[in-house]
Amino acid sequence: MKKLIYLSAVLAILSSSCKNMLEETSKDKITSESVFSTPEGLSTAVIALYNLDRNIYRNDAESTVWTSFIRAEDITVTRAGSGVGFARYDNTVNASTSQVGLFWSHYYTIIERANKIISSGEAVGLGNAEVAQAVAEARCFRARSYFYLLRTFDRIILNTEATSVDNLERTYAPAEPEDVYKLMYSDLDYAIGKLSYTAKNPGRFTQGVARHVKAEVALWRKDYKEAALQADEIITKGPYKLLADPADIFKGANLNHSEAIFVSQWDRASGGSAGNPVGHRLAQYFVPNYFKQAGILVTDANGGSAWGRTYPNPYLIGLYPANDKRLAAFYKLFWVYDDPATLPAGKKLGDKVTSTNASIYFDQLYPACFKYVDLWTKLAPNEAQSFKDIIIYRLAETYLIGAEAHMREGGANDPLAVKYMSAIRERAGLGVFTGAVTENLIIDEDARELSFEGQRWYLLKRLGKLVERVKLYAGDPAVSAIQARTGIQDYHVRWPIPQSEIDNMKGKGTFTQNPGYPQ
């Protein structure tokens, strides 16, 4: 499997964009100036951004920032772990919560470095194909980063200048959302015009990625015509194809298959520092601690090493018809005795493991999401780290975007809306769909198809349904995990601005804390 080679040394070069006060001579000629003043250097700088972007899935192992949104959805229940407050919408989600600061700094760091690549590329000359490619990828990074920030915080800083000693002093004010949308459109249009549908290496931005992100942005802007256009382009002209069986979507270490539009690349060879590769922990995050039960082997097929953090709740499982292929493909609903050496008295191999104790059931036998379970890259079933690829965008989501966009434009019976919805449901074994495409159907089909893939919190927020649906469905009353239903408040539809950022901007403009959080 051919993977990107990530250059950690480049990150050190890129970590400072201000001029050194001392004049130094580089003995190895790898300087900031050489990186940003040549086509080859700019290409290397872009590759470094992909490595940086992967930190959102591993920053730190227990408090993975990305899982915070999955915990806070209507279709999950969270048992324990650092950051559990996001599942409960309690007062531990505040301006000083680590995940809040990490999320903000992660995407603004990418924006800062993308700004440098873009301005440097323009100085070198966009007539050079390699420079144009690097700038296109950097602009895609910038648009995508601003999209995450705007959706998460609502009030953000908009900056397109690379930081230098000449512009360190700034006045801070929340950007007008429309100005952010205009920049995202401009960046993505440039990327669409310069990128092809194929990349030199798996995991690089392509025209398909840029179009998919623009379709998502357009939905948020209520520009449904544009969202439909971009979805149509990907579906009809892109090289992508839905896999025939849902069970194959997340099967294997290499997930660069025909349905995948953008995949975060992971493998031991390029997973981190030499001799000490750093993977992610998603393989164990969504599986209960079944290994505490006598009579069950710790095997990859059972889920391997597990933490028992966040699971599919009964509401989600109940959304699947009995004949929906995705139910068996995406989840493990129960465990059976398979270890003769520790088999409890009176039990037989193959018997279903059960418990009448709600606490034990929640900790050890709850249904699991198996989208991230890794049978392929771990050295042993009990290894914590995984180097399995992570799918970020896939064609099934594009179909749902297209279905919604055409429904908004042409009504519930719009032919393309119905066709796109049918493609997803037919693949799931539910037959040809001929009904009406409604907002509620979009919400339910999103849960069935894209659960645990990190976008549902945003979908519900965009539709104005987050508070309502969390109050109705989040958690599980059977295991006394319904804190989210009483904890969520209207202001929780946006995260607080990190306190460190508020402190840094104090007295330098009009930027204040988001409403609802302590000022």
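The values are calculated or read from the model by the stated rules, or taken from the named source; none is laboratory data. The shown structure was predicted, so the numbers you read here are calculated from the model rather than taken from an experiment. A quick note on method: Cβ atoms are made from the backbone with ideal geometry, for glycine too, and the neighbour counts reach across all protein chains shown.
Scanning region 438-491 for residues that are farther than 20 Å from Cys369 by Cβ, in contact (Cβ under 8 Å) with a residue 40 or more places away in the chain and either surrounded by fewer than 21 Cβ atoms within 10 Å (Cβ to Cβ) or aromatic (Phe, Trp, Tyr) (or both) gives Ile442, Lys461, Arg462, Leu472, Ser480, Gln483, Gly487, Gln489.
Across region 484-493, the number of residues qualifying as of a type in the set (Val, Ile, Thr) and part of a loop (DSSP other than H, G, I, E, B) comes to 1. Among the residues of region 406-444, those that are polar (S, T, N, Q) and more than 25 Å from the chain's Cα centre (by Cα) comprise Asn413, Ser422, Thr434, Thr438.
Among the residues of region 378-406, write down those that are of a type in the set (Val, Ile, Thr) and in contact with a helix residue (DSSP H, G or I) (Cβ under 9 Å, 6 or more places away or on another chain). If you could, list the steps in order and put the result at the bottom.
As a first pass, look at region 378-406 and keep what is of a type in the set (Val, Ile, Thr): 390-392, 398, 401.
Listed by number, the residues that qualify are Ile390, Ile392, Thr398, Ile401.
Scanning region 291-333 for residues that are closer than 30 Å to Ser422 by Cα and assigned to a loop (DSSP other than H, G, I, E, B) yields a total of 8.
Residues are listed down the side, and each one gets a yes or a no for (1) assigned to a helix (DSSP H, G or I); (2) surrounded by 14 or more Cβ atoms within 10 Å (Cβ to Cβ); (3) in contact with an Asp or Glu (Cβ under 8 Å, 6 or more places away or on another chain):
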| position | (1), (2), (3) |
| --- | --- |
| Asp338 | no, yes, no |
| Thr354 | no, no, no |
| Ser359 | yes, no, no |
| Asp363 | yes, yes, no |
| Pro381 | no, yes, yes |
| Tyr393 | no, yes, no |
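Listed here are the residues, each with its yes/no results for (1) over 24 Å from Glu178 (Cβ atoms); (2) among the basic types (Lys, Arg); (3) in contact with a Gly (Cβ under 8 Å, 6 or more places away or on another chain).
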| residue | (1), (2), (3) |
| --- | --- |
| Thr97 | yes, no, yes |
| Leu102 | yes, no, no |
| Ile111 | no, no, no |
| Glu122 | yes, no, no |
| Ala134 | yes, no, yes |
| Cys140 | no, no, no |
| Tyr148 | no, no, no |
| Arg151 | no, yes, no |
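Residues of region 151-180 that are free of Cβ contacts under 8 Å to residues at least 60 places away in the same chain and farther than 22 Å from Ser119 by Cα: Glu176, Pro177, Glu178.
Report, by residue number, each residue of region 308-337 that is of a type in the set (Phe, Trp, Tyr) and more than 18 Å from Ile360 (Cβ to Cβ).
First pass over region 308-337, keeping only residues of a type in the set (Phe, Trp, Tyr): 311, 315, 320, 330-331, 334-335, 337.
Result: Tyr315, Tyr320, Phe330, Tyr331.
Check Ala138, Ala134, Ala143 and return the single one that is modelled with pLDDT of 95 or more, more than 30 Å from Pro314 (Cβ to Cβ) and either of a type in the set (Phe, Trp, Tyr) or in contact with a Pro (Cβ under 8 Å, 6 or more places away or on another chain) (or both).
Among Ala138, Ala134, Ala143, only Ala134 is modelled with pLDDT of 95 or more, more than 30 Å from Pro314 (Cβ to Cβ) and either of a type in the set (Phe, Trp, Tyr) or in contact with a Pro (Cβ under 8 Å, 6 or more places away or on another chain) (or both).
Just one of the listed residues (Asp374, Asp338, Asp363) is in contact (Cβ under 8 Å) with a residue 24 or more places away in the chain and touching a strand residue (DSSP E or B) at 6+ places or on another chain (Cβ under 6 Å), namely Asp374.
Are any residues in region 314-331 buried (at least 18 other Cβ atoms within 10 Å of the Cβ) and among the basic types (Lys, Arg), and if so, which ones? Across region 314-331, the qualifying residue is only Arg326.
Looking at this structure, is Arg281 among the charged types (D, E, K, R) and surrounded by 23 or more Cβ atoms within 10 Å (Cβ to Cβ)? Spelling it out, it is not the case that Arg281 is among the charged types (D, E, K, R) and surrounded by 23 or more Cβ atoms within 10 Å (Cβ to Cβ).
Here the condition is being surrounded by 20 or more Cβ atoms within 10 Å (Cβ to Cβ), touching a residue at least 24 places away in the same chain (Cβ under 8 Å), under 21 Å from Ala328 (Cα atoms) and of a type outside the set (Asp, Glu); of Ile401, Ile424, it holds for Ile424 alone.
Scan region 173-223 for residues that are hydroxyl-bearing (Ser, Thr, Tyr) and over 22 Å from Gly464 (Cα atoms) and jot them down.
Tyr185, Ser186, Tyr190, Ser196, Tyr197, Thr198, Thr206
Residues checked against (1) touching a strand residue (DSSP E or B) at 6+ places or on another chain (Cβ under 9 Å); (2) modelled with pLDDT of 95 or more:
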{"site": "Lys194", "(1), (2)": "no, yes"}
{"site": "Asn201", "(1), (2)": "no, no"}
{"site": "Leu229", "(1), (2)": "no, yes"}
{"site": "Gly272", "(1), (2)": "no, no"}
{"site": "Val278", "(1), (2)": "yes, no"}
{"site": "Ala283", "(1), (2)": "yes, no"}
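Out of Pro496, Pro518, which single residue is at pLDDT 95 or above, assigned to a loop (DSSP other than H, G, I, E, B) and out of contact with any Leu (no Cβ under 7 Å at 6 or more places or on another chain)? Please lay out each step first, then the result.
Working: Pro518 fails: at pLDDT 95 or above.
Exactly one residue qualifies, and that residue is Pro496.
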